[in-house]
Amino acid sequence: MARKMIFVDTSKCTGCKACTVACKEWNDLPAEKTHLIESYQTMRDFTPKTWTYVTFIEQYHNKTMDFFMRKAQCFHCGDPACLKACTSNAISKSADGLVVINPDKCIGCGYCAENCPFGVPKVDVVRKKAYKCTGCVDRVENGLTPACVQTCQPGALQYGERETLMAKAKERLNEVRKRYPGAQLYGEHEMGGTTYVYLLLDAPEVYHLPQHPSVPVSLTLWKDVIRPVGSVAVGGAAAAVVVGVLGNWFRGGYRREGGPPDGGEHHSPAGKAGKGGKE
Amino acid sequence: MSPSFGRGAMTNSWSDLQNAQVFLIAGSNCAENHPIAMRWINRAKAKGAKMIVVDPRFTRTASEADIFAQIRPGTDIAYLGAIINYIIANKLYDEAYVLNYTNALLKVNQGYKFDEGLFSGFDAKTRKYGVDSWGYQLGPDQKPLAAAALDDPDSVFSQLKAHYSRYSLETAEKITGIPAKTIEMIAETFAKNKPGTILYALGMTQHTTAVQGIRAYAIIQLLLGNIGRAGGGVNALRGEPNVQGSTDMANLFNNLPGYVPAPISTDKNLQDYAARNGSIQVKPLVSLLKAWYGENATKADDYAFDYLPKINPSVNATMVKMFEMMEKGQFKLLFNMGSNSLVSIANRQLVRSALTKLDMMVVSDLFEVETAQFWREPGVNPAEIKTEVIMFPAAFVYEKAGSLTNSSRWIQWKEAAIKPLGEAKPDLDLLDALFKRIRRLYATSTEAKDTPILKARWDYGEEPSALKVLQELSGYDETTGKLLSTLADYLKAPVGDVSTGCWIYAGVTGNGNLAARRNNADPSHLGLFNNWSFAWPANIRILYNRASCDLDGQPVDPERKLVWWDGTKSLWVGNDGPDVVDKTKGPKTPEGKQSFRMNPEGLGRLFAAKYTSGLPVVPPAQGQPVIGIRPAGLCVDGPLPEFYEPTESPTENLLHPQVSASPTALVPSAFPEIQKMGKAEDFPYVLTTYGVVEQFCAGGVTRNIPWLNELMPEPFAEMSKNLAGKIGVHEGDKVEVSSARGKVTVRCLVTDRLQTYAVNGRKTETIGMPWSWGFASLSPGPSTNELTIASLDPGAGTPETKVCLVNVRRA
């Protein structure tokens, strides 16, 4: 199957948040208690119950107002760090590009959450499972578009063949650049090319996205260099120790101690990439 | 719109928005409140269309705009007047269109004057206008005299030019706070890109100058030749899925279904009625009476005209006024279906008090909305309230069959998808059961007042069928009992031979249920979708489309051909249904030239003149009433839009300080304890109110849906960084917003999307607050209408919910 793509044209997003509701409805995710954080944003981060939300960025320069809205969800990377980090083979990538966590295999170790450059997967500490956007793989495999795409009224979300849609995205970028010279595509090459590809109206940093997202070096070493050797020579358990040590060495502490006090949800350490709202 | 074009409906359609080259979106936040609009706007933008947004704050709609202008709430007519002036001064108008399809050339009565803020005919005592001087100069044939050229000093065009010559760009800047060069850019952009469309919603209508604001839109569009054309129009975006349908069914107190004027207490018979409303209204009224009373409506008894209730013309029974009457104790019972007035009415304290004056209130709704439990509001003592409240659980939209008429005038049929929950009932079932029971109670009555109940034709079946209701609206040939096939069948039948429950719906079920059609083919690629549902009237998708042709009946815009005269067939044909008097009358005939056939002049009305067509040349014999054919729609507050300050304003009217606010606005004063007025010294900031995309209207449904509550959990007050700095608050702090009428405490949202602006040289601030919250539901919150003022537009009776004065401090 040819690789698919979801084109997120933020120039057409009106921040109506219908994608969030459609996602929750299809995936049977309950509402959470929220409050206004900044602008019209009420969700700050992914949780086991919130797999997509809209971020609102306000900028006022030279008497010109920019009001940027961006739907955040798993990017479904071509080279997913979470998949590489997963210790239990719970994460797989489908031929059309969707990265999916199998809860039956997931042991809740949180390596996926730690290694995702966008801070997407979250571990529900009660259920001890990692959660994130599935790309509505259960819809897509049955010939439907993802729930968020299906519901988007202004046409900010489009689903289709990657090659065709990427060409359209570039065409659209040329058009949008007349108004927003800093506009760019995000996800064409990043992380091996992501399935959700964005047309951003400004630099990724403006949206609190990492400029150069990457798979942690330790993970690459582990997955592509050490493990192939290690699994033959010393076995998986010993290798896991090696990656843990290397992880600490490269990143200086690889995960926060303990879970959050408010129960049920694991929040990534503050300041990590992938947050929409400012604190 | 009705006094301008002849029909009070959005001229074009949602799907037609894709044909526009330029949008002026002012008084609408459609990206949030009509999300579907953006789908079609984006298609137009992809073809290069420009989007202009004028709003008191930078909204989610504004984020998509090419030009944005922040306006002081309630000052629209000032910049629109400047645009009219700019169009005329720079000769940007469509001369052929103006000459042929508008009343520009007609000569205005020489008694007409406008001076120091007042039109001629003002009675200072009643604060009302006598409208006699707002007419035309008539010839001996009782028809208006036409000038030879636009510059004739008596012409409508000259009056228009003179009236708006006072509206310079600089004056408009001082009033509105929009920089003059931005207004100029808006005028240039809108006038030079054709076709252009104007989108508005409650942002334009909730003002004391609401009707005149829309009139200003109509004038701009008539000058530019944008009415009757694909991609043009004045488009009133309806806020609820069936608002158009409910207005079609006489939502307004002085209407009967199909915009037929309601009879008044002095109409003793059909002849009196015709004398007041023109002979054109007799057939729709008789057809309505036939629908309601069937064989009991006969010519011999004046078609049961006596059975109709007659309204007192001196009583304004619009929403706020109704609650004033309730407060005075006029009503014993309120039947409240799908309305949450305790949240939605400006100066809601009146509603809270008035509901206690009832003996009984019946509420039919999905949830126990605030209105249904007004006695539970914090601070209210239930022991002191005698009103008995009965709650009917209503079925939701997907649980009932029927039709919804959208903004595009598409009557769209739907079946029930699921059965209602528990004891909930569709509205029709509830009303049907109620009527049948009431009729049984009156069965033995011989009193004349009860006759209409006993004689009514009420035949929707044992289990009431919504299709039968729609068929009644569509109409029957009463001589055969067969359904009317088309509107034409209705039009050509003799009076009394046909029935229609709503004459503009004639034909909707004539050849099968056309409202149920779901063919989305669009062969013209103009978004007409002719075989998708049914648009009133006669499946015409774009009203006044005759105006899209030149005098020879050929389309002016070759890329957007709607209708044309086919000389070989001697017939008006086209991609759309031709909106013409008679399809067989050629473009050069008097009938075939008419682009606005619902106006007595057959023309678009730049000047809303008093005029009735078909008045007899020879006066009728003594004692006989004078009966014309069609009277024009009038605006009670003037034939041309004039800028007036809102009732509560931070400044005085720069154009005429002596007449600062609208002289005819209905300023509430019946209950001084409740209906208080504030002054700028005490309440220096301007408040504007609005909906947000996450919560719908008064929130009766959406605030009970957890998934929506997490998207917008609470009301807020938006303000500029300057104002926040001045009162020492940061984003997320609580602030107390107060007006002369009340105060609320909400979260503060500090934003660059609101900027400090200058009015008459003085720095001014606008505070924005959504209004969708109340004390009940899963997401309770303070109601913004605790603050707002219930000053009314004199014509429409709409409260000025969009502007009042407030103060704000850290809570």
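The values are calculated or read from the model by the stated rules, or taken from the named source; none is laboratory data. Small disclaimer: the values here were computed from a predicted structure and weren't measured. As a convention, Cβ positions derive from the backbone with ideal geometry for all residues, glycine included, and neighbour counts pool all protein chains shown.
All but one of (1) within 12 Å of chain A (Cβ to nearest Cβ); (2) closer than 29 Å to B:Pro770 by Cα; (3) touching a residue at least 60 places away in the same chain (Cβ under 8 Å) hold for B:Gln18, so report the exception by its number.
Condition (2) is where B:Gln18 drops out.
Scan (1) more than 12 Å from chain B (Cβ to nearest Cβ); (2) surrounded by fewer than 21 Cβ atoms within 10 Å (Cβ to Cβ) for the single condition A:Tyr60 breaks and write down its number.
Here A:Tyr60 clears every test but (1).
Name the pairs: first residue in the stretch A:2-31 and over 13 Å from A:Ala169 (Cβ atoms), second residue of a type in the set (Phe, Trp, Tyr) and part of a helix (DSSP H, G or I), Cβ to Cβ under 6 Å, at least 6 apart or on different chains?
Taking only residues 6 or more apart or on different chains, the pairs are A:Val21/B:Trp707; A:Lys24/B:Trp707; A:Ala31/B:Trp707.
Could we say that A:Met69 is in a loop (DSSP other than H, G, I, E, B), crowded, with 21+ Cβ neighbours inside 10 Å, under 17 Å from the mean Cα position of the chain (by Cα) and within 14 Å of another protein chain (Cβ to nearest Cβ) here?
Numbers: in a loop (DSSP other than H, G, I, E, B): no; crowded, with 21+ Cβ neighbours inside 10 Å: yes; under 17 Å from the mean Cα position of the chain (by Cα): yes; within 14 Å of another protein chain (Cβ to nearest Cβ): yes.
It is false that A:Met69 is in a loop (DSSP other than H, G, I, E, B), crowded, with 21+ Cβ neighbours inside 10 Å, under 17 Å from the mean Cα position of the chain (by Cα) and within 14 Å of another protein chain (Cβ to nearest Cβ).
Just need a number here: residues in the stretch B:745-755 that are more than 16 Å from B:Val806 (Cβ to Cβ) and outside any strand (DSSP E or B).
4
Kindly state which strands (runs of 3 or more DSSP E) lie completely within the stretch B:762-811 and contain at least 2 residues that are at pLDDT 95 or above, touching a Pro at 6+ places or on another chain (Cβ under 6 Å) and not aliphatic (A, V, I, L, M).
Details: elements: B:762-764, B:766-770, B:804-810.
Hits in the stretch B:762-811: B:766-770.
What residue, of A:Thr145, A:Thr151, is buried (at least 17 other Cβ atoms within 10 Å of the Cβ), hydroxyl-bearing (Ser, Thr, Tyr) and within 14 Å of chain B (Cβ to nearest Cβ)? Lay out the reasoning, then the answer.
Working: A:Thr145 fails: within 14 Å of chain B (Cβ to nearest Cβ).
Exactly one residue qualifies, and that residue is A:Thr151.
When only residues in the stretch B:743-758 that are surrounded by fewer than 20 Cβ atoms within 10 Å (Cβ to Cβ) and more than 10 Å from chain A (Cβ to nearest Cβ) count, which is farthest from B:Trp773 (Cα to Cα)?
B:Ala758
I'd like the full set of residues that are under 17 Å from B:Gly203 (Cβ atoms) and in contact with a strand residue (DSSP E or B) (Cβ under 7 Å, 6 or more places away or on another chain), limited to the stretch B:768-791. I'd like the intermediate steps shown before the answer.
Going residue by residue through the stretch B:768-791, those that are under 17 Å from B:Gly203 (Cβ atoms) are B:768-772, B:784-785, B:788-789, B:791.
Scanning the stretch B:768-791 gives B:Gly768, B:Met769, B:Pro770, B:Trp771, B:Thr784, B:Thr788, B:Ile789, B:Ser791.
Within the stretch A:169-187, how many residues are at negative phi and more than 11 Å from chain B (Cβ to nearest Cβ)? Full working, then the answer.
Kept after step one, since they are at negative phi, are these residues of the stretch A:169-187: A:169-186.
Okay, now just the ones that are also more than 11 Å from chain B (Cβ to nearest Cβ), so A:169-170, A:173-174, A:177, A:180-186.
Result for the stretch A:169-187: 12.
Looking only at the stretch A:28-44, filter to residues that are closer than 22 Å to A:Thr151 by Cβ and either in contact with a Gly (Cβ under 7 Å, 6 or more places away or on another chain) or not in a loop (DSSP other than H, G, I, E, B) (or both); which one of those is nearest to the other protein chains (Cβ to nearest Cβ)?
A:Tyr40
Limited to the stretch A:95-139, what total is found for residues that are part of a helix (DSSP H, G or I), of a type in the set (D, E, K, R) and farther than 21 Å from A:Ile6 by Cβ? If you could, list the steps in order and put the result at the bottom.
Of all residues in the stretch A:95-139, those part of a helix (DSSP H, G or I) come to A:111-115, A:137-139.
Narrowing the set further to residues that are of a type in the set (D, E, K, R) leaves A:114, A:138-139.
Next, only the ones that are farther than 21 Å from A:Ile6 by Cβ stay: A:114.
Going through the stretch A:95-139 one residue at a time, the tally reaches 1.
Can you tell me which of A:Val176, A:Val215, A:Val229, A:Val225 is modelled with pLDDT of 80 or more and part of a helix (DSSP H, G or I)? Steps first, please.
Numbers: A:Val215 fails: part of a helix (DSSP H, G or I); A:Val229 fails: modelled with pLDDT of 80 or more; A:Val225 fails: modelled with pLDDT of 80 or more.
Going through A:Val176, A:Val215, A:Val229, A:Val225 in turn, the sole match is A:Val176.
Tell me, which residue of the stretch B:522-572 that is under 23 Å from the mean Cα position of the chain (by Cα) and β-branched (Val, Ile, Thr) is nearest to B:Thr102 (Cα to Cα)?
Among those residues, the one meeting the criterion is B:Ile542.
Report whether or not A:Cys82 is in the same structural domain as A:His208 (by TED's automatic domain parsing), in a helix (DSSP H, G or I), under 18 Å from the mean Cα position of the chain (by Cα) and crowded, with 24+ Cβ neighbours inside 10 Å. Write out each step before concluding.
Numbers: in the same structural domain as A:His208 (by TED's automatic domain parsing): yes; in a helix (DSSP H, G or I): yes; under 18 Å from the mean Cα position of the chain (by Cα): yes; crowded, with 24+ Cβ neighbours inside 10 Å: yes.
Taking the combined requirement at face value, the residue satisfies it.
Could you check how many residues of the stretch B:703-717 are of a type outside the set (Lys, Arg), more than 8 Å from chain A (Cβ to nearest Cβ) and in contact with a Phe, Trp or Tyr (Cβ under 8 Å, 6 or more places away or on another chain)?
Going through the stretch B:703-717, the residues of a type outside the set (Lys, Arg) turn out to be B:704-717.
Those left that are additionally more than 8 Å from chain A (Cβ to nearest Cβ): B:704-705, B:715, B:717.
With the extra rule that they be in contact with a Phe, Trp or Tyr (Cβ under 8 Å, 6 or more places away or on another chain), the set shrinks to B:704, B:715.
Looking only at that region, the number is 2.
May I ask you to list the residues in the stretch B:654-702 that are away from chain A (no Cβ under 14 Å) and part of a helix (DSSP H, G or I)?
Within the stretch B:654-702, B:Pro657, B:Gln658, B:Val659 qualify.
Considering each of B:Ala82, B:Ala78 in turn, give the residue that is among the small types (Gly, Ala, Ser), closer than 30 Å to B:Val156 by Cα and over 22 Å from the mean Cα position of the chain (by Cα). Before you say what the answer is, go through the steps one by one.
Values: B:Ala78 fails: over 22 Å from the mean Cα position of the chain (by Cα).
Just a single option satisfies the conditions, and that option is B:Ala82.
Step by step: first the residues of the stretch A:173-194, then only those that are in contact with a strand residue (DSSP E or B) (Cβ under 6 Å, 6 or more places away or on another chain) and buried (at least 19 other Cβ atoms within 10 Å of the Cβ), then the one that is nearest to A:Met69 (Cα to Cα). Which residue is that?
A:Tyr186
Is one or more of the residues making up the stretch B:224-234 at pLDDT 95 or above and either under 17 Å from the mean Cα position of the chain (by Cα) or within 14 Å of B:Gly27 (Cβ to Cβ) (or both)?
yes
Count, please, the residues in the stretch B:625-668 that happen to be of a type outside the set (Asp, Glu) and in contact with a helix residue (DSSP H, G or I) (Cβ under 9 Å, 6 or more places away or on another chain).
So the answer is 25.
Which of the residues belonging to the stretch B:201-244 are part of a loop (DSSP other than H, G, I, E, B) and within 19 Å of B:Val693 (Cβ to Cβ)?
Initial filter on the stretch B:201-244 (part of a loop (DSSP other than H, G, I, E, B)): B:201, B:206-209, B:225-233, B:237-242.
Result: B:Ala201, B:Gln206, B:Leu237, B:Arg238, B:Gly239, B:Glu240, B:Pro241.
Out of everything in the stretch B:39-83 that is small (Gly, Ala, Ser) and within 11 Å of chain A (Cβ to nearest Cβ), what residue ends up being surrounded by the fewest Cβ atoms within 10 Å (Cβ to Cβ)?
First, pick out the residues of the stretch B:39-83 that are small (Gly, Ala, Ser): B:44, B:46, B:48-49, B:62-63, B:65, B:69, B:74, B:78, B:81-82.
Filter once more, so that each one left must be within 11 Å of chain A (Cβ to nearest Cβ): B:46, B:48, B:62-63, B:65.
Numbers: B:Ala46: 13, B:Gly48: 10, B:Ala62: 23, B:Ser63: 23, B:Ala65: 20.
Among those residues, the one meeting the criterion is B:Gly48.
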